[in-house]
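What follows is a single structure, written as structure tokens, with notes after it.
Read-outs: derived from the displayed coordinates by stated rules, not from any lab. Quick caveat: nothing in here was measured; it's all calculated off a predicted structure. Note that we place each Cβ from the backbone using ideal geometry, even for glycine, and neighbour counts take in every protein chain shown.
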Amino acid sequence: MRVMKFGGTSVGNAAAIEQTVQILADAYRSDGRLVAVVSAMSGVTNQLIATAQAAAEGDEHAAATLQRELLERHEAVTTELIATPARREATIARLAELAARCARLVESVHVLRDLSPRALDWIVSFGERMSVVVVAAVLEERGIPAVAVDSDRVIVTDDHFGNANPLLDETRARAEAVLVPLLESGKLPVVTGFFGATHKGAVTTLGRGGSDFSASILAHALDADEVWIWTDVDGVMTADPRLVPSARTLPAISFAEATELAYFGAKVIHPRTMQPAAERGIPIWIKNTFNPEHPGTRIGPETSTNGSVVKAITAIPGVSVITVEGSGFLAVADVTARVFETVGRTGVNVYMVFQASSQHSLGFVVRRTDASKVLRALEREFELDLLKGRVARIWEEPGMAIVAVVGAGMRGTPGVAGRVFGTLGQHRINIVAIAQGSSELNISFVIREDEVARAVPAIHDAFGLGGSSAD
Ligand code: ADP
Ligand code: ASP
Ligand code: MG
């Protein structure tokens, strides 16, 4: 039994949906026991977020415009791909109903002038609710007995809105109740990616790019043999091909390496995807919807050395370095504990931590969009210390990026760090900070965001990762 997930570009227009449906139809005909997980059409989630924010800011046309645009885009592909009049009309009616429900939610955000994380999760779930209706209908049109399923009926999560954690035991029971009967009657469930719901039925999302995670959660729940993530590149590559055109596909990487790569910016897979799959030893394949013959990447329990200790270079642009500096850092442990307790309470994710005790400073990296929240919290916590001069200042350096060089076994191989930093030196790229005690799987450091486009290709070259040199 397989779970196959299709990302936003794989359902982004009529030609892509046709291709996705073809892949699903072939897989269904060869095996039969198959669950599809589908993302929103590309750009729709961003549009939903921006519109909800505009409504909260007072835009009175937001809801109506959104309703019209959502319907137009989904209706256009439905009209193009479904020839049978009755099916086409029923599908469009269903889409119109969903667009209207979504618009009503956006309207209430406008009335309240308040967009809570809870309301936002409800609103963004409509991207996936609409795309599965289209994909299931096109599959039926091609003779496959597909059924659209909303994942808030299946995936149970905690109430961490915007970045919820799945409750795997409860989800397994729901999958048995909802999905297994469909599979047993020969149906192909087409499940919405990206969201679940709490026990009480409040819709929660799994974080941006979370449909990959949905697929792996369902694979865990259904004891699937494999997860296939269909996207718009030939697999996990040695670098983002948009940044490094000579990047090549890695045939195999381990769960741990994939997690590390994803965590440090490789958007091709959501960082939490590996956890449920790894727990059950279910391999994950990354494949290209638009080049299905390419074998892609296998992510599994094993580490293959591939002839190179460095497997890939990744980057997270759009981050800020926050520094807490003070001469009164006599009790470093105490200050460190207070800093991270405070940051922890904000719920903001910290990517990297570094400390230079000789300069009495403690630094860490967060997303730029989270920086002001963190600064405010720290200024409150250290108000008295700032007044008394025990803490000299707390400040943000925006416009930074984290770069990570990832590969298993790097620790055991001398000279990797030397080569990375030597290369940056040759290119006169200044290193702002280096992570303290990096894991065995990566070396990560901070540079200015506008140097990423030079740094990543340079390191990629230095390790001979590009072109046809390996495989
Ligand atoms: P989907 O919509 O299918 O989930 P995403 O846009 O989320 O697709 O992820 C695919 C994109 O990830 C690719 O188009 C590519 O630009 C980007 N990417 C970043 N780093 C890597 C990498 N190391 N290997 C492959 N793709 C990467
Ligand atoms: N549609 C969601 C997003 O854009 C989930 C996903 O694409 O995986 O974040
Ligand atoms: Mg994605």
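Let me spell out the model: positive unit charges on the Cβ of Lys and Arg, negative unit charges on the Cβ of Asp and Glu, origin at the Cα centre of region 268-319. What dipole size does that give, in debye rounded to 20?
Result for region 268-319 is approximately 60 debye, rounded to the nearest 20.
May I ask you to give the average projected area over all directions of the convex hull of the Cα atoms of the chain, in nm² rounded to one decimal?
Orientation-averaged projected area of the Cα hull: 23.7 nm².
Hey, how many Å between the Cα centroid of region 201-253 and the Cα centroid of region 118-171?
17 Å
What is the magnitude of the charge dipole of region 6-69 about its Cα centre, with +1 placed on the Cβ of each Lys and Arg, -1 on the Cβ of each Asp and Glu, and no other charges, expressed in debye to the nearest 20?
300 debye
Of K5/K200; K311/K373; K267/K311, which sit over 24 Å apart, Cα to Cα?
Going by Cα-Cα distance, K5/K200; K311/K373 fall outside the 24 Å limit.
Mind pulling the angle between the C-alpha long axis of helix 14-30 and the longest principal axis of the chain? Nearest 10 degrees, somewhere in 0 to 90.
For 14-30 against the chain, the angle is about 80 degrees.
Of P85, G43, G127, which is farthest towards the positive pole of the chain's charge dipole, taken about the Cα centre with +1 and -1 on the beta-carbons of Lys, Arg and Asp, Glu respectively?
Of the candidates, G43 comes out farthest on the positive side.
How large is the Kirkwood hydrodynamic radius of region 4-59, in angstrom, based on all distinct alpha carbon pairs?
12.9 Å
Among 6-13, 197-204, how do they line up by average Cβ neighbours within 10 Å per residue, starting with the highest?
6-13, 197-204
When you count, for each residue, the other Cβ atoms within 10 Å and take the mean per peptide, how do 28-35, 143-150 rank with the highest first?
Averaged packing, sorted descending, gives the order 143-150, 28-35.
Under a point-charge model restricted to the Cβ atoms of Lys and Arg (+1) and Asp and Glu (-1), what is the dipole moment magnitude of the chain relative to its Cα centre, in debye to the nearest 20?
Using Cβ point charges on Lys, Arg, Asp and Glu, the chain gives about 380 debye.
For the chain, take the longest principal axis of its alpha carbons; what is the angle in degrees between that and the long axis of helix 85-112, to the nearest 10 within 0 to 90?
Between the helix axis and the principal axis of the chain, the angle is about 40 degrees.
Helix-only estimate, please: 222 nm mean residue ellipticity of the chain, summing -39500 (n - 2.57) across DSSP H runs of length 4 or more and dividing by its residues, to the nearest 500.
The helix contribution divided over the chain gives -14000 deg cm²/dmol.
Angle check, please: helix 332-346 long axis (alpha carbons) against the longest principal axis of the chain (alpha carbons), in degrees 0 to 90, nearest 10.
20 degrees
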